[in-house]
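**Q** Here it is: the structure, laid out below.
Laboratory data are not the source of any read-out in this text; all were calculated from the coordinates shown. Because the structure is a prediction, the values reported are computed rather than measured. Every residue, glycine among them, receives a Cβ derived from its backbone with ideal geometry; neighbour counts consider all protein chains shown.
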Amino acid sequence: MDKKNIINKYMQSILKVLDPSDMRILKHIYIIADGKHGDYHLASLIYLRKASENYKIIEGQQEEISDFENLFNEHPKQENYPVDVVDSLVINAVKNAYPKSIVKGDIVVFNSDVEKIQILKNRRIKQVYLNITPNIADLYNDLPKLRSMSFSGLDIPLNIYTDYNPNKISHLRFFAKYKLDDVTAIEDFKEVEFV
């Protein structure tokens, strides 16, 4: 069968590049749980971030690879996706409850990427919360001083998507603590689009 017939055999779709203001970096947290027969992907937590000067794909070393090898390589590579304080807080909060969970980055550039997000969302939903508070461990020695201070915190409702019975998700609240010297940690959450 020649190349033209192969293409005609399968549905051909037109990929459209999104407007630059709609392009995002997707973070997909695979919540991994322990089961009777081993670990399994219990649910997904998905969020989007806008690329910026401080939050962008890290340019990796260009490798000489063949077109055939390129089919099996991930671009950009996972280690080239940005990870900042916000990402660390979210993934660590999930890992506190489900230690084997992993995060994968992806780029949302084409209309098909938006469709892929819709497919990921087309599952059972469980609402949970992400609770972010300051880590005041260094101030425990001066408890009276704490009484006069105020701190910022967040309690963010999140949707978790699962193929299983949503009641299997036993942790309804994820907890994270930010360092007091990370003054922008709370503000930076305004830029996160939880899906």
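**Q** Grab the Cα-Cα distance for H75 and S88, subtract it from 0.36 nm times how many residues apart they are, and report the gain in nm with one decimal.
**A** Contour length minus the Cα-Cα distance gives 2.5 nm.
**Q** If I stretch the segment between E193 and I14 completely, what's the gain in nm (0.36 nm per residue apart, minus their alpha carbon distance), one decimal? Intermediate values should be presented prior to the final figure.
**A** On the way: separation 179, 0.36 × 179 = 64.44 nm, distance 2.67 nm.
This chain segment gains 61.8 nm when fully extended.
**Q** Of all DSSP beta bridges located in the chain, what percent are antiparallel, nearest 5?
**A** 80 percent
**Q** Given labels modelled 7 Å from the Cα in the Cβ direction, how far is it in nm from I136 to D39?
**A** Result: 3.6 nm between the two label points.
**Q** When the helices in the chain are scored as -39500 (n - 2.57) per DSSP H run of 4 or longer and the sum is shared across all residues, what 222 nm value do you end up with, to the nearest 500 deg cm²/dmol?
**A** -6000 deg cm²/dmol
**Q** Further question: Could you work out which residue, out of V90, V183, V128, moves most in a Gaussian network model of the chain, that is, has the largest mean-square fluctuation with Cα springs under 10 Å?
**A** V183
**Q** Shifting gears a bit: In the Gaussian network model of the chain, springs joining C-alpha atoms below 10 Å, which of D22, D138, D87 carries the largest mean-square fluctuation?
**A** Among D22, D138, D87, the largest GNM mean-square fluctuation belongs to D138.
**Q** Here's a follow-up. Which angle from 0 to 90°, rounded to the nearest 10, does the C-alpha axis of helix 85-97 make with the longest principal axis of the chain?
**A** Roughly 80 degrees between the two axes.
**Q** So for the pair L120, N165, with labels modelled 7 Å out along Cα→Cβ, what separation do we get in nm?
**A** Computed distance between label sites L120 and N165 equals 2.7 nm.
**Q** For the pair S112/E59, report the inter-label distance in nm, with labels modelled 7 Å from Cα in the Cβ direction.
**A** For S112 paired with E59, the spin-label model returns 2.7 nm.
**Q** Quick one: among L89, L45, L15, which has the greatest mean-square fluctuation in a GNM of the chain with alpha-carbon springs under 10 angstrom?
**A** Highest fluctuation among the options: L15.
**Q** Within 10 Å, at most 12 other Cβ atoms, and a DSSP state outside H, G, I, E, B define an exposed site. Report the longest part of the chain free of exposed GluC sites (Glu not before Pro). Could the numbers behind the result be given before it?
**A** Numbers: sites that count: E53, E59, E63, E64, E74.
In the chain, the maximal stretch lacking such sites is 75-195.
**Q** Another one. If you fit an axis through the alpha-carbon atoms of helix 111-121 and take the longest principal axis of the Cα set of the chain, what angle between them do you get, 0 to 90°, nearest 10?
**A** 50 degrees
**Q** Sorted from largest down, what three extents in whole angstroms do the Cα atoms of the chain have along their principal axes?
**A** Over the chain, Cα extents along the principal axes are 79, 42, 30 Å.
**Q** Just tell me the longest site-free run in the chain, where the sites are trypsin sites (Lys or Arg not before Pro) in a DSSP loop having at most 11 other beta-carbon atoms within 10 Å.
**A** With a cap of 11 other Cβ atoms within 10 Å, the longest stretch comes to 37-195.
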